[in-house]
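One structure below.
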Amino acid sequence: MWATAVGVARVRALETERENALFRDPLAQAFATAGGLWPSSPPLPDDEAARRRRLAVSFSIVIRTKFLDDLLQQASASGVRQVVLLGAGMDSRAFRMDWPEGTRLFEVDTAAPLDFKASVLRQEQAVARCERITVAVDLREDWPGALAAAGHDPAVPTAWIAEGLLIYLPEDAVELLLDRISAQSAAGSRMGLTLGSRGVIERFGADAVPGSAASMWVSEMPDDPVGWLAGHGWKADSHTLRERAATYGRPISTPPQREERPGGLISAVRR
């Protein structure tokens, strides 16, 4: 997963360099190139199909980043002052976004990536734009307890982000995560999820290089994500990558290969 976090940072660094960038992440390059501390990436296949798959994944990372940035801005505008990033990786939103006074942002991840991240942040002399609190805990353990001990208040609304995370968890772990999030969410809380679209594991995982991100994907989105989240007490909207990309001025030029089903970009409000 470490190499995956660095790969995401590389994509964000490349987007940041674009003239018409959908977001700017000035720390992404530092995370992507910090010397020698990350495991070396497996060699990448260089055939055309593999190249196209890599481009598709990179494109999806850019669109989902913008989507979740917007969701967090809307949550802040609605008065939410607690943010929790689950599986935070090399996320730099605490440093690159403008936050209202009083915002507390919790980054939940295991100790190793958080320690690596801290070393890069010290090197870059990065200063957070809100109160940033790291919570070193494995999501398979009692992370709600660790989050509470770090100061999270479940009695007031929270904006939850699980970006690029659920696809790596088996279905029972996804359900447990949603149960735990819901139990810590006051009415008016917001949530942003990215889900693996139906068929993505078949398309990307069949010939994935061992150790690559796609080789670790195990969970796709439910057939009815809005209904699924309603069962957990959330009013959700589902968006396709194609729809969001067009909205952001990055339309996908190729026609859909099949009838487009519910999309894997999810915004939700706690009822």
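The values are calculated or read from the model by the stated rules, or taken from the named source; none is laboratory data. Treat the numbers as computed from the prediction; the structure is a model and nothing was measured. Side chains included, ligands, DNA and RNA excluded: accessible areas come from the protein's heavy atoms. Shrake-Rupley method; radii C 1.70, N 1.55, O 1.52, S 1.80 Å.
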Please list 3J(HN,Hα) in residue order for the range 145-159, calculated via the Karplus relation 6.51 cos²θ - 1.76 cosθ + 1.60 where θ = phi - 60°; whole Hz, with x for glycine and proline.
x, 5, 5, 5, 5, 7, x, 5, 10, x, 7, 10, x, 10, 9
Potential extension, VAL209-ASP179 segment - 0.36 nm per residue separation minus Cα distance:
7.5 nm
Per residue of the range 122-127, in order, report the coupling 6.51 cos²θ - 1.76 cosθ + 1.60 (Karplus, θ = phi - 60°) as ³J(HN,Hα) in whole Hz, putting x for Gly and Pro.
5, 4, 8, 6, 6, 10
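Starting from the exponent 0.38 and prefactor 2.2 Å, build the expected Rg for the chain from its residue count and divide its actual Cα Rg by it. Write out the running numbers ahead of the final one.
Working: Rg = 17.8 Å, N = 271, 2.2 N^0.38 = 18.5 Å.
The value comes to 0.96.
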DSSP beta bridges in the chain [antiparallel fraction, %, rounded to 5]
40
Residue with peak Gaussian network fluctuation, the chain [Cα springs, cutoff 10 Å], from THR65, THR254, THR194:
THR254
Search the structure for amide H atoms under 5 Å from the amide H of GLN82, placed 1.01 Å from N in the peptide plane, and list their residues when 5 or more places away or on another chain.
ARG104, ALA159
Probe 1.4 Å, accessible area per residue of the chain, Å²
48
Under a GNM of the chain (C-alpha, springs under 10 Å), which listed residue has the highest mean-square fluctuation: LEU14, LEU165, LEU68?
LEU14
Under 5 Å, built H, 5+ apart or other chain: amide partners of ARG132:
LEU105
When the accessible area of the chain is computed with all protein chains present and a 1.4 Å probe, what percentage of it is carbon and sulfur?
52
Extent of the range 99-207 along each principal axis, from alpha carbon coordinates, in Å, largest to smallest?
44, 38, 26
Can you list the HN-Hα couplings for the range 175-186, worked out from phi with the Karplus curve (6.51, -1.76, 1.60; θ = phi - 60°), rounded to whole Hz and with x for Gly and Pro?
4, 5, 4, 5, 4, 5, 4, 4, 5, 9, 10, 6
Distant-in-sequence amide H partners of SER189 (H built 1.01 Å from N, under 5 Å)
THR158, ARG270
